[in-house]
Amino acid sequence: MKAVHLNTIQELKSGKPQAQEQVFKAFYASLFRICQRYLVDYLLAEDCLMKGLMKMFQDIDSFRYENEESLFVWTRKICINECLMELRRKTNFNLVLGEQVPDIPLEESVLDKLSAKELLGLITQLPTGYRTVFNLYAIEGYSHQEIAQILGTSESTSKTQFLKARTRLQEWIKQGELYHEATGK
């Protein structure tokens, strides 16, 4: 998480370009990775990031400082909302209706064998609905009730999407393990 001092925020509120540049440089890489988790496409992710940063700079007067990380948290939420709006505009963003999916426990040893980069690569391969709910729930920490409100769907649909995403990730991880065991690679 990126920390920004109160004096930098005061400079932002005064409209000082050097403060904007400082915040841009501090936040860009982290926020871009977040946007890419939702959108996969490099240009769309960058576009949403830039829209989010511009919105943050424009609305900085409504920001309330709590601690050095609060500006990043606030900006991250803005960027995620930009990504979600982009996903809503796309015609292929369909969430399947909720259905009963068994809760399959994730084997701890499986996750221990993956690097963050490998896990991100798998997440970006998930269908849009699965990936979106997985990101919001498992990574951002939203509840299924909050996700349902954000996406305009039901809580059971959010739970189903998450369980299907988790199941698909587990299958891919297991397939990778079997491949590595069979080939020795």
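Values quoted throughout were computed directly from the atomic coordinates according to the rules given, and no laboratory measurement underlies them. Being a predicted model, the structure only gives us computed values, none of them experimental. Virtual Cβ from ideal backbone geometry, glycine too; neighbours counted across all protein chains shown.
Key figures
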read-out: For the range 6-89, alpha-carbon Rg over 2.2 N^0.38 Å; value: 1.06
read-out: Integer Hz, Karplus 6.51/-1.76/1.60 couplings in order for the range 51-66, x for Gly and Pro; value: 4, x, 5, 4, 5, 4, 4, 5, 9, 4, 5, 8, 6, 10, 6, 10
read-out: Sequence-separation-based contact order of the range 1-89, relative, with Cα cut under 8 Å and 6+ spacing, percent; value: 40 percent
read-out: Neighbour net charge for Thr8 - beta-carbon separation under 14 angstrom, K R +1, D E -1; value: 0
